[in-house]
1. Within segment 58-79, is there a residue that is under 24 Å from residue 106 (Cβ atoms) and assigned to a helix (DSSP H, G or I)?
2. Does segment 7-16 contain at least one residue that is outside any strand (DSSP E or B) and in contact with a helix residue (DSSP H, G or I) (Cβ under 8 Å, 6 or more places away or on another chain)?
3. Looking at residue 46, is it free of Cβ contacts under 8 Å to residues at least 60 places away in the same chain, buried (at least 16 other Cβ atoms within 10 Å of the Cβ) and within 23 Å of residue 121 (Cβ to Cβ)?
4. Identify the residue in segment 80-94 that is assigned to a helix (DSSP H, G or I) and out of contact with any helix residue (DSSP H, G or I) (no Cβ under 9 Å at 6 or more places or on another chain) and, among all such residues, is surrounded by the most Cβ atoms within 10 Å (Cβ to Cβ).
5. Does any residue in segment 81-93 that is on the phi < 0 side of the Ramachandran plot and at pLDDT 95 or above come within less than 6 Å, Cβ to Cβ, of a residue that is part of a loop (DSSP other than H, G, I, E, B) and crowded, with 18+ Cβ neighbours inside 10 Å six or more places away or on a different chain, and which pairs are these?
(Lines give C-alpha, C1' and ligand atoms only; values in the text may rest on other atoms or scores of the structure.)
Protein backbone atom coordinates (compact mmCIF):
# COMPACT_ATOMS: atom_id res chain seq x y z
CA UNK A 1 0.00 0.00 0.00
CA UNK A 2 1.11 3.54 -0.66
CA UNK A 3 -0.35 6.78 0.57
CA UNK A 4 -0.38 9.64 -1.92
CA UNK A 5 -1.25 13.30 -1.75
CA UNK A 6 -2.91 15.38 -4.40
CA UNK A 7 -2.34 19.12 -4.71
CA UNK A 8 -4.38 21.34 -6.99
CA UNK A 9 -3.45 24.73 -8.31
CA UNK A 10 -5.83 27.60 -8.92
CA UNK A 11 -5.97 31.37 -8.76
CA UNK A 12 -8.56 33.30 -6.80
CA UNK A 13 -9.50 36.88 -7.58
CA UNK A 14 -11.54 39.00 -5.19
CA UNK A 15 -13.43 40.81 -7.95
CA UNK A 16 -13.89 40.91 -11.69
CA UNK A 17 -11.86 44.13 -11.71
CA UNK A 18 -8.77 42.09 -10.73
CA UNK A 19 -8.90 40.05 -13.96
CA UNK A 20 -7.10 40.82 -17.19
CA UNK A 21 -9.26 42.37 -19.92
CA UNK A 22 -9.75 39.14 -21.85
CA UNK A 23 -10.92 37.18 -18.78
CA UNK A 24 -13.12 40.05 -17.61
CA UNK A 25 -14.79 40.20 -21.03
CA UNK A 26 -15.39 36.44 -21.00
CA UNK A 27 -17.03 36.63 -17.56
CA UNK A 28 -19.34 39.36 -18.87
CA UNK A 29 -20.16 37.18 -21.87
CA UNK A 30 -21.15 34.37 -19.45
CA UNK A 31 -23.67 36.78 -17.90
CA UNK A 32 -25.12 37.40 -21.37
CA UNK A 33 -25.35 33.63 -21.94
CA UNK A 34 -27.73 33.30 -18.97
CA UNK A 35 -30.39 35.23 -20.92
CA UNK A 36 -31.29 32.05 -22.82
CA UNK A 37 -31.46 29.82 -19.74
CA UNK A 38 -34.60 27.69 -19.58
CA UNK A 39 -34.84 27.12 -15.83
CA UNK A 40 -38.51 27.37 -14.80
CA UNK A 41 -38.17 24.60 -12.19
CA UNK A 42 -35.01 25.50 -10.28
CA UNK A 43 -35.08 29.22 -11.14
CA UNK A 44 -31.28 28.89 -11.10
CA UNK A 45 -29.87 30.37 -14.30
CA UNK A 46 -26.40 29.35 -15.46
CA UNK A 47 -24.42 30.81 -18.34
CA UNK A 48 -21.21 29.65 -19.98
CA UNK A 49 -19.12 31.53 -22.50
CA UNK A 50 -16.24 29.83 -24.30
CA UNK A 51 -13.48 31.62 -26.22
CA UNK A 52 -12.10 29.69 -29.17
CA UNK A 53 -8.63 30.10 -30.64
CA UNK A 54 -10.19 31.98 -33.57
CA UNK A 55 -11.56 34.54 -31.10
CA UNK A 56 -15.15 33.38 -31.54
CA UNK A 57 -17.28 33.24 -28.37
CA UNK A 58 -19.72 30.34 -28.03
CA UNK A 59 -22.55 30.50 -25.49
CA UNK A 60 -24.37 27.93 -23.44
CA UNK A 61 -27.11 28.15 -20.84
CA UNK A 62 -28.77 25.52 -18.68
CA UNK A 63 -31.81 23.92 -20.30
CA UNK A 64 -34.19 22.25 -17.87
CA UNK A 65 -36.98 19.86 -18.70
CA UNK A 66 -40.02 18.76 -16.72
CA UNK A 67 -38.65 15.22 -17.08
CA UNK A 68 -35.74 16.22 -14.83
CA UNK A 69 -32.85 14.13 -16.15
CA UNK A 70 -33.57 15.31 -19.70
CA UNK A 71 -32.09 18.77 -19.12
CA UNK A 72 -28.52 19.84 -19.78
CA UNK A 73 -26.02 22.10 -18.04
CA UNK A 74 -24.76 25.34 -19.61
CA UNK A 75 -21.22 24.01 -19.95
CA UNK A 76 -22.22 20.93 -21.96
CA UNK A 77 -24.61 22.94 -24.14
CA UNK A 78 -21.70 25.20 -25.13
CA UNK A 79 -19.14 22.39 -25.47
CA UNK A 80 -21.40 20.22 -27.62
CA UNK A 81 -22.19 23.25 -29.80
CA UNK A 82 -18.45 23.65 -30.38
CA UNK A 83 -18.04 19.93 -31.09
CA UNK A 84 -20.76 19.98 -33.73
CA UNK A 85 -20.18 23.44 -35.22
CA UNK A 86 -16.50 24.34 -34.69
CA UNK A 87 -14.75 20.97 -34.23
CA UNK A 88 -11.32 22.19 -35.39
CA UNK A 89 -11.30 25.48 -33.45
CA UNK A 90 -9.38 24.93 -30.21
CA UNK A 91 -11.03 25.90 -26.91
CA UNK A 92 -8.86 28.39 -25.04
CA UNK A 93 -10.93 29.44 -22.04
CA UNK A 94 -14.40 29.34 -20.58
CA UNK A 95 -16.29 31.32 -17.95
CA UNK A 96 -19.28 30.05 -15.99
CA UNK A 97 -21.62 32.12 -13.83
CA UNK A 98 -25.00 31.68 -12.18
CA UNK A 99 -27.86 33.77 -10.81
CA UNK A 100 -31.14 33.25 -9.01
CA UNK A 101 -33.69 35.71 -7.66
CA UNK A 102 -34.31 33.36 -4.71
CA UNK A 103 -31.06 34.03 -2.79
CA UNK A 104 -27.73 35.80 -3.15
CA UNK A 105 -24.92 33.64 -4.54
CA UNK A 106 -21.84 34.46 -2.47
CA UNK A 107 -19.26 32.02 -3.89
CA UNK A 108 -18.37 30.83 -7.37
CA UNK A 109 -20.62 28.03 -8.62
CA UNK A 110 -18.50 25.19 -9.97
CA UNK A 111 -19.31 22.67 -12.66
CA UNK A 112 -20.88 19.27 -11.95
CA UNK A 113 -18.92 16.06 -12.44
CA UNK A 114 -20.55 15.29 -15.81
CA UNK A 115 -19.52 18.70 -17.16
CA UNK A 116 -15.99 18.27 -15.83
CA UNK A 117 -15.73 14.90 -17.59
CA UNK A 118 -16.85 16.48 -20.88
CA UNK A 119 -14.32 19.31 -20.40
CA UNK A 120 -11.62 16.68 -19.82
CA UNK A 121 -12.59 14.93 -23.06
CA UNK A 122 -12.31 18.17 -25.07
CA UNK A 123 -8.97 18.95 -23.46
CA UNK A 124 -7.71 15.49 -24.39
CA UNK A 125 -9.10 15.82 -27.91
CA UNK A 126 -7.31 19.11 -28.53
CA UNK A 127 -4.13 18.27 -26.54
CA UNK A 128 -4.28 21.67 -24.89
CA UNK A 129 -5.47 22.84 -21.46
CA UNK A 130 -8.61 24.91 -21.08
CA UNK A 131 -8.58 27.85 -18.67
CA UNK A 132 -11.77 27.79 -16.59
CA UNK A 133 -13.18 30.79 -14.72
CA UNK A 134 -15.93 30.28 -12.14
CA UNK A 135 -17.37 33.75 -11.73
CA UNK A 136 -19.43 34.84 -8.71
CA UNK A 137 -21.06 38.13 -9.68
CA UNK A 138 -21.22 39.17 -6.02
CA UNK A 139 -17.76 38.04 -5.09
CA UNK A 140 -14.68 36.13 -6.09
CA UNK A 141 -13.56 34.31 -9.20
CA UNK A 142 -11.71 31.00 -9.26
CA UNK A 143 -9.46 30.34 -12.26
CA UNK A 144 -7.82 27.06 -13.15
CA UNK A 145 -5.46 26.20 -15.95
CA UNK A 146 -6.71 22.88 -17.20
CA UNK A 147 -9.22 20.34 -15.99
CA UNK A 148 -6.71 18.15 -14.10
CA UNK A 149 -7.03 20.42 -11.04
CA UNK A 150 -10.81 20.03 -11.14
CA UNK A 151 -11.07 16.35 -12.05
CA UNK A 152 -7.71 14.69 -11.37
CA UNK A 153 -9.05 11.17 -11.94
CA UNK A 154 -11.03 11.82 -15.11
CA UNK A 155 -12.14 8.69 -16.93
CA UNK A 156 -9.75 8.21 -19.84
CA UNK A 157 -9.81 4.59 -21.03
CA UNK A 158 -7.42 4.56 -23.99
CA UNK A 159 -8.24 0.95 -24.92
CA UNK A 160 -11.67 2.07 -26.16
CA UNK A 161 -10.02 3.56 -29.25
CA UNK A 162 -9.89 1.37 -32.31
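1. The initial filter retains those residues of segment 58-79 that are under 24 Å from residue 106 (Cβ atoms), namely 60-62, 64, 73-75.
Then keep just the ones that are assigned to a helix (DSSP H, G or I); that gives 74-75.
Yes, segment 58-79 has at least one match.
2. So the first thing to find is which residues in segment 7-16 are outside any strand (DSSP E or B), and the list is 7-10, 14-16.
Okay, now just the ones that are also in contact with a helix residue (DSSP H, G or I) (Cβ under 8 Å, 6 or more places away or on another chain), so 16.
Yes - at least one qualifying residue is present in segment 7-16.
3. Working: free of Cβ contacts under 8 Å to residues at least 60 places away in the same chain: no; buried (at least 16 other Cβ atoms within 10 Å of the Cβ): yes; within 23 Å of residue 121 (Cβ to Cβ): yes.
Spelling it out, it is not the case that residue 46 is free of Cβ contacts under 8 Å to residues at least 60 places away in the same chain, buried (at least 16 other Cβ atoms within 10 Å of the Cβ) and within 23 Å of residue 121 (Cβ to Cβ).
4. Taking segment 80-94 as the starting set, the residues that turn out to be assigned to a helix (DSSP H, G or I) are 80-85.
Retained after the next criterion (residues that are out of contact with any helix residue (DSSP H, G or I) (no Cβ under 9 Å at 6 or more places or on another chain)): 81, 84-85.
Numbers: 81: 14, 84: 8, 85: 10.
Only one residue tops the list, namely 81.
5. Sorted first by the residue in segment 81-93, then by its partner, the pairs are 91/130.
The values are calculated or read from the model by the stated rules, or taken from the named source; none is laboratory data. This is a predicted model, so every value here is computed, not measured. Because the Cβ atoms are built from the backbone with ideal geometry, glycine has one as well, and the counts that use them run over all protein chains shown.
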